[in-house]
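Heads up, the thing below is written out as structure tokens.
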Amino acid sequence: MRPYLAIIVDSFREALASRVLWILLLLITLILAGILPLGFRAERTTAILARDLTDGRGLVRALQRDADRPSTGSPGQRIWSALDEKARTALGDWEQVAESDRDAMRARTAQLAEALNGLLERRDLYDASAWSQVLLGSEARELLDQGVDALSADDLARLNRLLIETPYLEYFRPQPPRQILITYFGAKISPPIRATEKRVRRVIELLVLPAVIGILVGFIGVLAAILVTAPIIPQMFDPGSLSLLLSKPVSRSWMFLAKFAGGCTFILINVIYLVTGLWVIVGLRLGIWNARLLLCIPIFLFLFAVYYSVSALAGVIWRNAVVSVVMTVVFWLACTVVGATKSIVEQLAVESRRLVRLVETPDAWIAVDESGATHRWDTASSAWQGAFLEGGDTPASRVLGPVFAPRQDALLAAREAGRRNFGSRKSLLIGRRVDEWTEADGPALPDGTFDLLAGPQGQLLAVTARGVDELVGDLAAPTKKMQVFFFEIPQSLGKPFRAAGPDTPLQIRPPAAAAIDRATGHVAVYSRGELTWLQRTAERYEVAKTVPVDAEPDQGALLAVAGATLLLALDDGRVLTFAAPALELRGSWQPEPGSQPRFACAAPDGASFAIVFHNGRLHRLDAGPDAAGPPQPAPVRGQGDIAGAAFAADNSLLVIDRITRVTRYAAGTWQRLDSFSPALTPLEIAYYYAIVPLYTVFPQPGELDNTIQYVLRGEQTVDLGMGDDSLQARRMRLRPWAPVRSSFVFMLVMLALSCLYVQRQDF
Amino acid sequence: MGDHAAIEVEELGKTYRDGLLRRRAFAALRGVTFQVQRGEIFGLLGPNGAGKTTLVKLLLGIVRTTQGSARMLGRPAGDRAARRRVGYLPENLRIPRHHTALTALDLFGQMSGLTRGEIRERSGPLLASVDLADRAHDSVRKYSKGMLQRLGLAIALLHQPELIFLDEPTDGLDPPGRAHVRQTLVQLKQEGKTIFLNSHLLQEVELVCDRVAILDHGVLKGLGTVEQLVPYRGEGFELQVQVAGPEPAVRAALAGRPAPRIEPLSSEQAMVHLPVRDQADVDQCIDVLRQQGLSIVALGRRRISLEEAFLHVLGLPAPGTDHA
């Protein structure tokens, strides 16, 4: 080994003697020095931003209404009277502004925010009698206990904000008590970020850092490395030195490989410096000490080695550094084109059409695809045909459902009334069977509705932040639409929903999940680390039991109820079962490490659960009282490509795979009963039989950023960051090892060809 | 080490192929056969493009044979074990620019299988012997061509090889440098090393080589001592006789003489160039011509240069001749 080690050591020596290395190290130092002053600091959330207000005019109305009441001592009176006369006049004219005049509406909102901010420094804002009817939070109470006069300016501003916000919470978007400011050399360089420090750190760690490293090292770094190292192999074939090298008692192939390793060594020095530097800076400045970041060093070295193997082969054959660089860039482009083609076809034509949910109706299965569009299986044409189509709205605005409500003999779904930012008001969409599922507008849903369930008698239940509401009214009742800004907010004239309990309202905050036992109508609700069992008695719900669950409060979750067994699947990949109604924990497993559950459902007979994971795998779990678990991969076709599953009324299980294929399996035996399998479209045929095979055999060095994301996160599926943190929202599936495998095989082939050429060539 | 010769070459041939389909062929060596005995300094002479470097590369395994066989130190040419016992100074050597003399010795020494301790131990005296001791730590970028050549010689000798190939070792050296190399070769010979010297510098070969092979266009034109290959070199001269008589008659008259060159001047006259050793030899030549009835028109004599002798062996015309 000595001769080959000597060649590698010589590469070190060559690198150290090279000006290029020092220039690269200097550039890296400059980059690190540029990043070093970046930081963030947390400060109390005091100032009211225009975007904090969900409905500025509503707030002004409420303040005016309270101020006009004859009784004394309301927060509204105090706040309104504290505003200066000019502001009161300006805001009082708000009613004259047309909804459609967006600029004027926006200006008024900003004016309101400014006027309210003017109150933050006032030591006389608080009046004990005015706020006596308001339940102030612990933070405000603690500040008040210190005495308003004793508070620092910062504490006073915080207290006044809480005094303004608490009585009118519905007009304010919830904000964390502290906000984050991005700083450079200690100076603010960004508007306040209303997120917890932990959340900001996580975003930096999981999104910003991989992106920065991917661009800095994966793109710029590798490009520079290829340019810098391209001459190494051609130089080896310089006739003046090659004969001497080849006369030595060494293997030509090993000598070439040692030279190749030497080139990698050169880059290794740079990558170690850059990544370690980043790691230290991110650790010191942002408090993120993620040792996984250091694992990026071998990944980037590998990424470079893959490209360098192409450069080396070109260098061996043509012995010209320029040709080496050109060939490497051509290879890079080819990889990018293949990867991009697959990605584009996948995103535009495959993923959006992938069926993910199935709803059983008396005469047909309704399927919902990834974009939210609904389809009905048409036996005559053996194809999924559009059904329950929306007139004018995009399917994406449908946020809950659809569910089939037998009592109404209709599909019911919820539509977001305005943008998500404008509160949680939703209205029903109705598609009656008699109308061939044609969609029609329905009444408004109760405030805070976060799930729709089909009740035991076929009625629709809306699970809200306070409890359960039941649809009792006439769906045909007319609705009034109120214009708020430029959105139409439906308002019911009648009251089609009645509160079904519990008497003491729940306090559910997102992320939350609910599930119903079809037989008994009992409902389970999970929210922020608490699991609640709502027992249905005489059409009323009462809390039977609430238990804490060992989980981060902001984790999304899925629930399913099968008889007396409750399944809770968490964002961290855990699947837990509880015995209802006592909610005793029966088991906890992690069936698909690195992936999260996407859908969970229970068989109507209560015998089993099915859980679909974001990595496309389906697990089954026995639910009977004696079942012990753990979840097992279901013996169905398409494992790894499964997008959804649903139990039919006869307890058979329908499984979606290969974009639009649905297969029905018999309960217990897993025998294939039938299949709704439409013919593949030409694009799907091209995808499955041309693009995917080509992509599989083609090296994918450009996709090693998936590996980096996986290494940094430890998770195989990534929230697409569309603002929907629900577990059911599509997540990007990282295939961390596929690019490693394909690139490694490719690199071996390149090196083997180079060795063969070197071995057989006369020099 | 066995009894076999240091180098054994038999019917050795090498044809290079070129072009897109490798259809263009060029024969660099054709049926070359010779042996180099252990302990001798063997010179391979020939003009540029004769195939000298190809022959060395074949022996070292840098290129592959297409015909015949070659063995080195009892093992097939190119064998890694044999290469361990061989030193090589290639023509136009270039040492990578990041090296100093010491680091270059370190790299190539380790590639020859030496430990770093052995390299450290030998580097000092070796660099002193090639007059580079005081420049050992300097970058080779600052070296002259002669210094690089001397460093190359040090690299070739570092692992104390039994057989040393030197391809144009005095190229770029000044006269003292050349003398130094010659001394080194003689010293190596005294140490029992076998030296294979590739050169087109006849004087150099003549001064140090025990035996010489002459290669031209890939064909072995002669093998033996310098004296055997270049008759009368050193003591002889060339007799130039302008003869009146038909060329066939002249040719018939000189049939017994070694290496005559006959230049027809007209149908009735020819110029005869004859290497002769001494005056008795001159008399004998004249007698032979006269006995055949040929008339002597003019007579002259000129000393033979080594170059002319070499060209003579290659069958090439000598540059302008003197007429008495």
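The values are calculated or read from the model by the stated rules, or taken from the named source; none is laboratory data. Please read these numbers as outputs of a predicted model, since none were measured by experiment. Methodologically, a virtual Cβ is constructed for each residue, glycine included, from the backbone with ideal geometry; neighbour enumeration extends over all protein chains shown. Quick note on the areas: whole protein, heavy atoms, side chains included, nothing else; ligands and nucleic acids left out. Shrake-Rupley method; radii C 1.70, N 1.55, O 1.52, S 1.80 Å.
Could you list, in sequence order, the residues of segment A:42-62 that are of a type in the set (Asp, Glu) and buried (at least 16 other Cβ atoms within 10 Å of the Cβ)?
Step one: of segment A:42-62, the residues of a type in the set (Asp, Glu) are A:43, A:52, A:55.
Selection gives A:Asp52, A:Asp55.
Give just the number: which of (1) part of a helix (DSSP H, G or I); (2) buried (at least 16 other Cβ atoms within 10 Å of the Cβ) does A:Gly39 not satisfy?
All conditions pass for A:Gly39, except number (1).
Would you mind listing the helices (runs of 4 or more DSSP H) fully within segment A:167-279 where at least 1 residues are more than 14 Å from chain B (Cβ to nearest Cβ)? Break it down into steps so the answer makes sense when it comes.
Details: elements: A:197-203, A:209-213, A:222-229, A:232-236, A:239-247.
Fully inside segment A:167-279 and qualifying: A:197-203, A:209-213, A:222-229.
Going through B:Arg71, B:Arg116, B:Arg80 one at a time, which residue ends up being open to solvent by 30 Å² or more (accessible area, probe 1.4 Å) and touching a helix residue (DSSP H, G or I) at 6+ places or on another chain (Cβ under 8 Å)?
Within the list B:Arg71, B:Arg116, B:Arg80, the selection yields B:Arg116.
What are the residues in segment A:9-36 that are open to solvent by 60 Å² or more (accessible area, probe 1.4 Å) and facing chain B (nearest Cβ under 9 Å), if any?
Passing the criteria: A:Val9, A:Leu16.
Just wondering, is there one or more residues in segment B:136-146 that are touching a helix residue (DSSP H, G or I) at 6+ places or on another chain (Cβ under 7 Å) and part of a helix (DSSP H, G or I)?
yes
Considering every residue within segment A:147-155, establish whether at least one is open to solvent by 50 Å² or more (accessible area, probe 1.4 Å) and touching a helix residue (DSSP H, G or I) at 6+ places or on another chain (Cβ under 7 Å). Before you say what the answer is, go through the steps one by one.
Start the filter on segment A:147-155 by keeping residues that are open to solvent by 50 Å² or more (accessible area, probe 1.4 Å), which leaves A:149-150, A:152-154.
Remaining after also requiring touching a helix residue (DSSP H, G or I) at 6+ places or on another chain (Cβ under 7 Å): none.
The answer is no; no qualifying residue exists.
I'd like to check something: does segment A:480-501 contain any residue that is within 24 Å of A:Ala627 (Cα to Cα), among the small types (Gly, Ala, Ser) and either at pLDDT 90 or above or assigned to a strand (DSSP E or B) (or both)? If you could, list the steps in order and put the result at the bottom.
So in segment A:480-501, the residues within 24 Å of A:Ala627 (Cα to Cα) come out as none.
No - not one qualifying residue is present in segment A:480-501.
From the list A:Ile23, A:Ile7, A:Ile79, A:Ile28, which one is of a type in the set (A, V, I, L, M), touching a helix residue (DSSP H, G or I) at 6+ places or on another chain (Cβ under 7 Å) and under 30 Å from A:Val208 (Cβ atoms)? Spell out how you get there, then give the answer.
Numbers: A:Ile23 fails: touching a helix residue (DSSP H, G or I) at 6+ places or on another chain (Cβ under 7 Å); A:Ile7 fails: under 30 Å from A:Val208 (Cβ atoms); A:Ile79 fails: under 30 Å from A:Val208 (Cβ atoms).
Just one listed residue meets the conditions, A:Ile28.
Within segment A:514-533, work out how many residues are under 15 Å from A:Leu585 (Cα atoms) and among the acidic types (Asp, Glu).
Our first condition is that a residue be under 15 Å from A:Leu585 (Cα atoms); within segment A:514-533, this holds for A:524, A:526, A:529-533.
Those left that are additionally among the acidic types (Asp, Glu): A:530.
So the count comes out to 1.
Among (1) within 14 Å of chain B (Cβ to nearest Cβ); (2) open to solvent by 20 Å² or more (accessible area, probe 1.4 Å), where does A:Ala6 come up short?
(2)
Report yes if some residue within segment A:109-123 is over 20 Å from A:Arg161 (Cβ atoms), in the same structural domain as A:Arg158 (by TED's automatic domain parsing) and either crowded, with 19+ Cβ neighbours inside 10 Å or in contact (Cβ under 8 Å) with a residue 24 or more places away in the chain (or both); otherwise report no.
Initially, segment A:109-123 is screened for residues over 20 Å from A:Arg161 (Cβ atoms), giving none.
So far as segment A:109-123 goes, no, none of its residues is over 20 Å from A:Arg161 (Cβ atoms), in the same structural domain as A:Arg158 (by TED's automatic domain parsing) and either crowded, with 19+ Cβ neighbours inside 10 Å or in contact (Cβ under 8 Å) with a residue 24 or more places away in the chain (or both).
Could you please tell me which pairs satisfy a Cβ distance under 6 Å, a separation of 6+ or placement on different chains, a first residue in segment A:694-709 that is touching a residue at least 40 places away in the same chain (Cβ under 8 Å), and a second residue that is basic (Lys, Arg)?
Here the result reads A:Tyr695/A:Lys342, each pair linking segment A:694-709 to a residue that is basic (Lys, Arg).
Hey, can you tell me all the residues within segment A:180-220 that are in contact with a strand residue (DSSP E or B) (Cβ under 6 Å, 6 or more places away or on another chain) and among the polar types (S, T, N, Q)?
Correct list: A:Thr183, A:Ser190.
Consider A:Asp66 carefully, then state whether it is among the acidic types (Asp, Glu) and in a helix (DSSP H, G or I).
yes
Any chance segment A:87-103 includes a residue that's part of a loop (DSSP other than H, G, I, E, B) and surrounded by 18 or more Cβ atoms within 10 Å (Cβ to Cβ)? Lay out the reasoning, then the answer.
In the first step, residues of segment A:87-103 are kept if they are part of a loop (DSSP other than H, G, I, E, B); the result is A:97-101.
Adding the requirement that they be surrounded by 18 or more Cβ atoms within 10 Å (Cβ to Cβ) leaves none.
Scanning segment A:87-103 turns up no residue that is part of a loop (DSSP other than H, G, I, E, B) and surrounded by 18 or more Cβ atoms within 10 Å (Cβ to Cβ).
To keep it simple, each residue is scored yes or no on (1) under 39 Å from the mean Cα position of the chain (by Cα); (2) basic (Lys, Arg); (3) open to solvent by less than 20 Å² (accessible area, probe 1.4 Å).
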residue: A:Gly218; (1), (2), (3): yes, no, yes
residue: A:Ala224; (1), (2), (3): yes, no, no
residue: A:Thr229; (1), (2), (3): no, no, yes
residue: A:Pro249; (1), (2), (3): no, no, yes
residue: A:Trp254; (1), (2), (3): no, no, no
residue: A:Leu257; (1), (2), (3): no, no, no
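Please state which one of A:Ala107, A:Ala113, A:Ala90 is away from chain B (no Cβ under 14 Å) and under 30 Å from A:Val208 (Cβ atoms).
Numbers: A:Ala107 fails: under 30 Å from A:Val208 (Cβ atoms); A:Ala90 fails: under 30 Å from A:Val208 (Cβ atoms).
Of A:Ala107, A:Ala113, A:Ala90, the one residue that is away from chain B (no Cβ under 14 Å) and under 30 Å from A:Val208 (Cβ atoms) is A:Ala113.
What's the total number of residues in segment A:607-623 that are open to solvent by less than 20 Å² (accessible area, probe 1.4 Å) and more than 20 Å from A:Arg357 (Cα to Cα)?
Selection size over segment A:607-623: 1.
Could you check B:Leu185 against (1) surrounded by 20 or more Cβ atoms within 10 Å (Cβ to Cβ); (2) in a helix (DSSP H, G or I); (3) at pLDDT below 85 and say which number it fails?
Tallying (1) surrounded by 20 or more Cβ atoms within 10 Å (Cβ to Cβ); (2) in a helix (DSSP H, G or I); (3) at pLDDT below 85, B:Leu185 fails exactly one: (3).
Return yes when A:Gly721 is modelled with pLDDT under 75 and open to solvent by 50 Å² or more (accessible area, probe 1.4 Å) and no when it is not. First the steps, then the outcome.
Working: modelled with pLDDT under 75: yes; open to solvent by 50 Å² or more (accessible area, probe 1.4 Å): yes.
Answer is yes for this residue.
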